[in-house]
Amino acid sequence: MKIRSFQPSDEAGVIALWQACGLTRPWNDPHRDIQRKLSEQPELFLVAIGDEGALLGSAMAGFDGHRGWVYYLAVSPGHRRMAIGRALMHEAERLLTERGCPKINLLVRSSNAEVVAFYRRLGYTQDDVISLGRRLIPDA
């Protein structure tokens, strides 16, 4: 397996992966999410590629000068429990650390106990915060 930065030819595969992993939502256009990421720190949009060229996973990271963030960590359902997610997170952490990022944040749906357990195994803990959001530019 190789981890590299996203390339435009990965788009269809990445979106299919996100859909297979249940990460897409009707109010978020994945094509727009990709285009937005490619306009800011595109080198932090990672994909895991298998030995035969198959797309196995993705992770979208960013650093705003204060905190690092990870979104869209996804591993192909047929390739889970092979340390691909761990490898993607390790690479995202390495790249963020190189930029001087002191802390990384991520969001997990509270109903997704399996993913919460995955991050806890990686050393992540639940912060005592409430996440609030407001859509500024609608995708639909």
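For region 79-91, how many residues meet the condition of being more than 26 Å from S131 (Cβ to Cβ) and open to solvent by 70 Å² or more (accessible area, probe 1.4 Å)?
Qualifying residue count for the region: 2.
If G85 satisfies every condition in (1) small (G, A, S); (2) assigned to a loop (DSSP other than H, G, I, E, B); (3) touching a Leu at 6+ places or on another chain (Cβ under 8 Å) but one, which is the exception?
(2)
Kindly indicate the residue of region 95-116 that is exposed (fewer than 10 other Cβ atoms within 10 Å of the Cβ) and assigned to a helix (DSSP H, G or I) and also modelled with the highest pLDDT among those meeting that condition.
Taking the candidates together, the pick is E98.
Report whether or not L55 is touching a Phe, Trp or Tyr at 6+ places or on another chain (Cβ under 7 Å), open to solvent by 30 Å² or more (accessible area, probe 1.4 Å) and touching a residue at least 24 places away in the same chain (Cβ under 8 Å).
On the way: touching a Phe, Trp or Tyr at 6+ places or on another chain (Cβ under 7 Å): no; open to solvent by 30 Å² or more (accessible area, probe 1.4 Å): yes; touching a residue at least 24 places away in the same chain (Cβ under 8 Å): yes.
Here the answer is no, as L55 does not meet what is asked.
Of everything in region 1-60 that's among the hydroxyl-bearing types (S, T, Y) and assigned to a strand (DSSP E or B), which residue is farthest from E114 (Cα to Cα)?
Only one residue tops the list, namely S5.
Quick one: would you say A12 is at pLDDT 95 or above and surrounded by 13 or more Cβ atoms within 10 Å (Cβ to Cβ)?
The answer is no for A12.
Just to be sure, is S58 of a type in the set (S, T, N, Q) and closer than 22 Å to R99 by Cβ?
yes
Do the conditions hold for S5, that is, is it under 14 Å from the mean Cα position of the chain (by Cα), modelled with pLDDT of 95 or more, under 29 Å from Q126 (Cβ atoms) and not acidic (D, E)?
For S5, the condition - under 14 Å from the mean Cα position of the chain (by Cα), modelled with pLDDT of 95 or more, under 29 Å from Q126 (Cβ atoms) and not acidic (D, E) - is not met.
Filter region 117-130 for residues that are out of contact with any helix residue (DSSP H, G or I) (no Cβ under 9 Å at 6 or more places or on another chain), open to solvent by less than 100 Å² (accessible area, probe 1.4 Å) and assigned to a loop (DSSP other than H, G, I, E, B); which is farthest from L55 (Cα to Cα)?
D127
The values are calculated or read from the model by the stated rules, or taken from the named source; none is laboratory data. None of the values given here were measured: they were computed from a predicted structure. Cβ sites come from the backbone with ideal geometry, for glycine too, and all protein chains shown count toward neighbours. Please note that ligands, DNA and RNA were not included when accessible areas were found on the heavy atoms of the full protein model with its side chains. Shrake-Rupley method; radii C 1.70, N 1.55, O 1.52, S 1.80 Å.
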